[in-house]
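Visitor: Got a structure here, written out as structure tokens. Questions coming.
The values are calculated or read from the model by the stated rules, or taken from the named source; none is laboratory data. Small disclaimer: the values here were computed from a predicted structure and weren't measured. Ideal geometry is used to build each Cβ from the backbone, glycine not excepted, and the neighbour counts take in all protein chains shown. Just the protein is used for accessible areas: all its heavy atoms, side chains included, with ligands, DNA and RNA removed. Shrake-Rupley method; radii C 1.70, N 1.55, O 1.52, S 1.80 Å.
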Amino acid sequence: WLKPWLPIEGVSSAGRGPNPPQMQQQQQQQRQASLLEVVANMSDVAVAYGRNLTVFYAYPTFAALVAAVVIFTYGDRGIASVCAIMCYIAALSSIKLTVKWVFVHHNYSFAKFVTATHFTFGALLSYGFLRFRQKEFPIPTLKEFWLMIFPVSLAIAISVSAGNMALVHSSAAFTEIIGSTSCLFTALMVVLLGMPFQTSLLLPMLIVIFGAVVSTAGEIHFSLLGLLLCCIANAFRSLKVAMQQKLMTGETKDKFDPVALLFWSSVPSIFVMLAASAFSEGAEPYRQLAALEAGKRWSLVRAILVTCVNATILNLTQLFVNKDLGAVGSQLVAQAKSVLTILGSVAILGEIVSRMELFGFTLVLLGVYLYSWMDRKPQQKQDVEPPRGHVSWTPGR
């Protein structure tokens, strides 16, 4: 940018007299243009600095807002439930970012192999915890394993695969809209498995679905095959959480707590995902990992390890939330992660959120709160009302 301020090549100020008027005018225009460029560069630096400050302050503010809503909605359930829900939402809103970092930044797009590492890490961690707590190691019967645990593992594999394939045939916005209806699928699975469900809870569920649809931004690219894959993913995801609820709250609740269920459901999932990876990805994940330089290889391993930690936190907290809130309640809480994800994109990426999207976010949080309030209301009424056959008696009357 200093070049226009120097004498023009071929014209010397010594011994040749003044420059022609046209030459002087050209020099003046170049100086003005260089000044504008310097000012523009300084403005860009200021904007970038301001954006960094926005990232530093805005995202924690949005996260604190969601945490405040969770505390207000579920505070009466205790500090353990609130912490589990907040960790679940945080892990759910960040898992796509950490996995995408592996796929894009490291150019290692082997989804099934990476998912298999998630289950392996979760199985090893939960096994170590089960041994460390010095209690009797829970071992399922053949009937419990093949009729309950193995179907859960199979449902996990099918839902993940169908969801990834749906992204190929449809836009992300369309899959988010269809995915928001998963709570309806879950309610149906709960009823089919013989567990109780209040029909009055359909109203807050519909509010959450409508809010999620309204807050979804992006091109709605419809595909019949994509719609079918989304429905398959919803159905098997709902089957997974409904069967997990039955295992942790039914006859086997004393045997399978969230940590034990994480271990026993992860073991079959490892072999299912490794088989799927071998069928579709072959030996390419291992070849590409071995072909990298030592520094890049360890960088990729660290990135995959971060996704493993994130996925294990997600799977474990999902089981705790499922046990506490039920299958449908956990699915509704999962919709609140869209608020944190999209508002986080505003802070980090500088994206703009429309008023319609803010209205949708409000509906999602309102629906989650109404569901929690209506779900607790019958239980509170049952605690207040005296049992049948009980006659109240007041002294002096």
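Visitor: Note the full-extension length gain between PHE72 and ASN164 as 0.36 nm times their separation in residues minus their Cα-Cα distance, in nm to one decimal. Mind showing how you got there, number by number?
Guide: Working: separation 92, 0.36 × 92 = 33.12 nm, distance 3.45 nm.
Roughly 29.7 nm would be gained on extension.
Visitor: Leaving ligands, DNA and RNA out of it, report the carbon-plus-sulfur percent of the accessible area of the range 217-309 at a 1.4 Å probe. Show your work: numbers first, answer last.
Guide: Working: 3240 of 4820 Å².
The value for the range 217-309 is 67 percent carbon and sulfur by accessible area.
Visitor: Based on the mean of other Cβ atoms within 10 Å per residue, sort peptides 274-281, 112-119 so the most packed one is first.
Guide: Values: 274-281: 15.2, 112-119: 23.1.
In decreasing order of mean packing, 274-281, 112-119 become 112-119, 274-281.
Visitor: Express the accessible area of the range 62-187 per residue in Å², computed with a 1.4 Å probe while the remaining protein chains stay in the model.
Guide: With all protein chains present, the range 62-187 gives 51 Å² per residue.
Visitor: Ranked from highest to lowest mean number of other Cβ atoms within 10 Å per residue, what is the order of the peptides 139-150, 302-313?
Guide: So the peptides 139-150, 302-313, ranked by packing, come out 302-313, 139-150.
Visitor: Another question, if that's okay. Sorted by packing (mean other beta-carbon atoms within 10 Å per residue), highest first, where do 330-336, 122-128 land?
Guide: Details: 330-336: 26.3, 122-128: 18.6.
Packing proxy ranking, top to bottom: 330-336, 122-128.
Visitor: Give the residue from SER182, VAL241, ALA260 lying farthest towards the positive end of the charge dipole for the range 182-338; charges sit on Cβ (+1 for Lys and Arg, -1 for Asp and Glu) and the dipole is referred to the Cα centre.
Guide: Highest projection toward the positive end goes to ALA260.
Visitor: Roughly how far apart, in whole Å, are the Cα centres of the range 81-122 and the range 224-252?
Guide: Here the two parts' Cα centres lie 19 Å apart.
Visitor: What ³J(HN,Hα) values, in whole Hz, does the Karplus curve 6.51 cos²θ - 1.76 cosθ + 1.60 give for the range 203-214 when θ = phi - 60°, with x put for Gly and Pro?
Guide: Computed from phi, the couplings for the range 203-214 are 4, x, 5, 5, 5, 5, 4, 4, x, 5, 5, 5 Hz.
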